[in-house]
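Only one structure is covered here, and it is reproduced in the block below.
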Amino acid sequence: MGIREFPNGSARGKAATLGMRRSPDVSPRRLSDISPQLRQLKYLVVDEAIKEDLKWSRSVEDLTSASVGLTSIEERILRITGYYGYQPWAASYKRDERSRESPAPAEAQMQAGAEGGGRVNRCCWKCSVTQLKKIFWGVAVVLGVCSSWSGSTQLAKLTFKKFDAPFTLTWFATNWNFLFFPLYYLGHVFKSAEKQSPKQRYRECCRFFGDNGLTLKVFFTKAAPFGVLWTLTNYLYLHAIKKINTTDVSVLFCCNKAFVFLLSWIVLRDRFMGVRIVAAIFAIAGIVMMTYADGFHSHSVIGIALVVGSASMSALYKVLFKLLLGSAKFGEAALFLSVLAVFNVLFVTCIPVILYFTKVEYWSSFDIVPWGNLCGFSILLLTFNILLNFGIAITYPTLISLGIVLSVPVNAVVDHYTSEIVFNSVRVIAIIIIGLGFLLLLLPEEWDVWVIKLLTRLKVRKKEEIPEGNGDIASGLPNKSRRTRPSMSSFAH
């Protein structure tokens, strides 16, 4: 509106207008030149918010212009009307305000970098602390698995000297599985923020068996077969301890991981891995060599066959569980193991009774039964199964599996001092081969990709180091020549 007031032929006025817009501190005209606009001020309606802005801007501008001496009525009217874009509150003050409030770009980048670095450091610190905790708990779990598994094996061997009843011992130890769900519920009460009643927790865990929960049909179709496999696994293992030494039993039972891979590859159509096939071959070769170590005696062959059968039942248990039930949470696994104890009490109790009256597993009186050994074996086996099933909550599964392998040297040391075992070259090689096969089976599925990445990084680092070394040598040559040149020139002079 103000630009149209200027004559069209006046270039001088245009230049004055541009100069006016650039420096708002100088008045563009006399007050008489804008008298038509001043007459319209009485009809001007101003909002309350604009009034507050005007008061605020006027006070700020009065403070800033006091030193320059801009106190005329003309300046004030131009300031209020915003004539020709004269808005000090929207330009100069806001610049000052921004310069006061917002830091410089370099400072902002430094602050952002400091904050980002602090967050990264905190995240790295948290990750490192978490990994250290997992490793620490992993060591504790490995020691617990190793001690409980080797301790239960040695205690079973000691028990059979006084109480020759492997199936009764299996039945007695399996009944202790009933404690799985109560122990899990105690952990849930102490750890979980949302506490549930035992009935609510039981109903929630029963969804693992299906929409209808744990019905009679589900009990016989999904729980009973696993109860049979559980009993056979433990009975064959304990019966083998009667025939051969505990070192051979523990090392041969490690072959169950190879059997799990073979069954998973055939039944579950898992990914084929050459290294696991090699591990399975090592396991089979170790079994043959272990049989040859004792000269194919009847007791040793029967004992080895029993252990291999126990490892096979264990592998079949794991593969069928994955096939029929899938993966289970901690509460669901605890409930499932407690259900196995119920099955054991209801349907397996008759077998020890039959064996007792047929004098297959007979004892003259209950006073001679070593209840301390039976309870100790049951507690150690329960501890082993708890660590094996719930240890993954606090550490890595690979570390838990290492505890089973470490039980082999522990049993070997105990057998060396308590029995007449002979560690000939064939037995030692068989133990090493089976242990190596077990360790190969612990490799993750993408281990080859990780190895290739590692080798690639090492090659890249070597290539980077070689040019740096050449650069150092090349940079050293001119220095030497520079040092020698003055001496040559001095000799020339």
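Structure notes:
- Scan of region 345-382 for residues that are part of a helix (DSSP H, G or I), farther than 17 Å from residue 160 by Cα and out of contact with any helix residue (DSSP H, G or I) (no Cβ under 8 Å at 6 or more places or on another chain), ordered by number: 346, 350, 353, 354, 357
- Some residue of region 425-437 being in contact with an Asp or Glu (Cβ under 7 Å, 6 or more places away or on another chain) and not acidic (Asp, Glu): no
- Among the residues of region 207-217, the ones that are of a type in the set (A, V, I, L, M, F, W, C) and either surrounded by fewer than 17 Cβ atoms within 10 Å (Cβ to Cβ) or not in a helix (DSSP H, G or I) (or both) come to 2 in all.
- Residues located in region 276-294, provided they are of a type in the set (Ser, Thr, Tyr) and either touching a Leu at 6+ places or on another chain (Cβ under 6 Å) or open to solvent by 40 Å² or more (accessible area, probe 1.4 Å) (or both): 292
- Some residue of region 223-234 being at pLDDT 90 or above and open to solvent by 60 Å² or more (accessible area, probe 1.4 Å): yes
- All positions within region 383-400 that are part of a helix (DSSP H, G or I) and open to solvent by less than 20 Å² (accessible area, probe 1.4 Å): 384, 385, 391, 400
The values are calculated or read from the model by the stated rules, or taken from the named source; none is laboratory data. Keep in mind it's a predicted model, so treat the numbers as computed, not measured. Cβ coordinates were reconstructed from backbone atoms using ideal geometry, including for glycine residues, and neighbour counts include every protein chain displayed. Quick note on the areas: whole protein, heavy atoms, side chains included, nothing else; ligands and nucleic acids left out. Shrake-Rupley method; radii C 1.70, N 1.55, O 1.52, S 1.80 Å.
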